[in-house]
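The structure appears right after this line, and notes come after that.
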Amino acid sequence: MNNIDLTLKEIFTSTSLTKSQKVLHAEKMLTEQLDIETTHPELYFKLAVVVLEEPEVDFLQSIECMEKILTYDKTNIEAAIYLSWLQYLNRGYVNASTLTVLDKLLANVEMDSLSLSLIYLAKSWSDEIDEKQYHLFLKKSVESNDTYVDNFLELANFYRNRGESDKEKSFIRKALKNVEKIYLVDESFDIATVKPYLGDCFKGMIDVPTNYVPTYHTLKKESILRTVLASNAVKSMLERLTDSDQWEVLL
């Protein structure tokens, strides 16, 4: 695996390849290796992340990678979580067969609090549940683990849609407490405006990398847990706090 990682680093840090060529080279290399090591979960995760890079953004292939892992390892919690997120981003819901996998994991597999929280969040993405069940799964998610951002933001949005601005603001603040890093994508972003809301886990502002090796660890932080956010996303969260305050004044 070290050789695979070195090759991926050489590909993605190359200054002679375009972004499209980098993705295609990495995809080809990983696919060929999977023809040899057909049940290697780490390789499937690497491929699933690589094919999500622009300009490819192949959700279907990424989904297939996680489905293949689960055909021979039905207790792979991380594959089930990633599959759920991929389906939700691609289709807007988690399909019934994946929900069955999640339920079996909850019933039969001992897991850490973060995985438990993410599975409850994934169950809230079903298109076959009512508002009461949706709310219940979101509450179970934050009760199981309160160290990441996205479950708090989804619960905040739930209360926003119900017009409960106090609860919305409370969960936005809790989400901001869990932000670890902020990518500076907006030059007008003022860190001073968000500092009062940030917790002890905040490590500071970072620039968006130009040459980087895509990994599941990074994707999970930025897109599933969302403990690493872009400055424009943070600005939107702050605007919701301000907008709610202004709305209350008008009332």
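Listed values, structure above:
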quantity: Accessible surface, region 1-51, averaged per residue in Å² (probe 1.4 Å); calculated: 55
quantity: Hull-based mean projected area of the chain, where the convex hull spans the alpha carbons, in square nanometres; calculated: 15.2
quantity: Alpha carbon convex hull of region 162-212, volume per residue in cubic angstrom; calculated: 119
quantity: Full-stretch length increase - M205, T218 - with 0.36 nm per residue and alpha-carbon distance subtracted; calculated: 3.1 nm
quantity: Sorted largest first, extent of region 142-239 alpha carbons per principal axis (Å); calculated: 43, 31, 24
quantity: Karplus (6.51, -1.76, 1.60) ³J(HN,Hα), θ = phi - 60°, over region 79-88, in Hz, Gly and Pro reported as x; calculated: 5, 5, 5, 5, 4, 4, 5, 4, 5, 5
quantity: Sites matching GluC sites (Glu not before Pro) across region 137-226 that sit in DSSP coil, with at most 11 neighbouring C-beta atoms within 10 Å; calculated: E187
quantity: Over the chain: helical MRE at 222 nm, DSSP H runs n ≥ 4 each giving -39500 (n - 2.57), nearest 500; calculated: -20000 deg cm²/dmol
quantity: Cα-based shape type of region 1-84, given that a ≥ b ≥ c are square roots of the gyration tensor eigenvalues and the cut on a/c is 1.5; calculated: prolate
quantity: Region 35-151: mean projected area of Cα convex hull, nm²; calculated: 7.7
quantity: Shape category assigned to region 104-161 from the gyration tensor of Cα positions, a/c cut at 1.5; calculated: oblate
quantity: Fraction of accessible area attributable to carbon and sulfur, region 77-176 (%, probe 1.4 Å); calculated: 45
quantity: Unit charges at the beta carbon, dipole of region 92-251: most positive-side option, S126, L114, N157; calculated: L114
quantity: The chain, dipole about Cα centre (Lys/Arg Cβ +1, Asp/Glu Cβ -1), debye to the nearest 20; calculated: 440
quantity: HN-Hα J in Hz across region 124-134 - Karplus 6.51, -1.76, 1.60, θ = phi - 60°, x for Gly and Pro; calculated: 6, 8, 5, 9, 10, 10, 8, 4, 5, 5, 4
quantity: A230 long-range amide H proximity, modeled H, under 5 Å; calculated: Y183
quantity: Rg(Cα) / (2.2 N^0.38 Å) computed for region 133-180, rounded to two decimals; calculated: 1.04
quantity: Approximate shape of region 94-135 as ellipsoid semi-axes (Cα gyration tensor, √5λ), whole Å, largest first; calculated: 18, 12, 8
quantity: Cα lying deepest toward the dipole's positive end in region 145-251, options T227, T242, I172, charges on Cβ; calculated: T227
quantity: Computed FRET value (nearest 0.05) for L184 with N161, which takes r as the C-beta separation and R₀ as 35 Å; calculated: 0.70
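The values are calculated or read from the model by the stated rules, or taken from the named source; none is laboratory data. Fair warning: this is a prediction, and the values are worked out from it, not measured in the lab. Cβ atoms come from the backbone with ideal geometry, glycine included; neighbour counts cover every protein chain shown. What goes into the accessible areas is simple: the full protein's heavy atoms, side chains included, and nothing from ligands, DNA or RNA. Shrake-Rupley method; radii C 1.70, N 1.55, O 1.52, S 1.80 Å.
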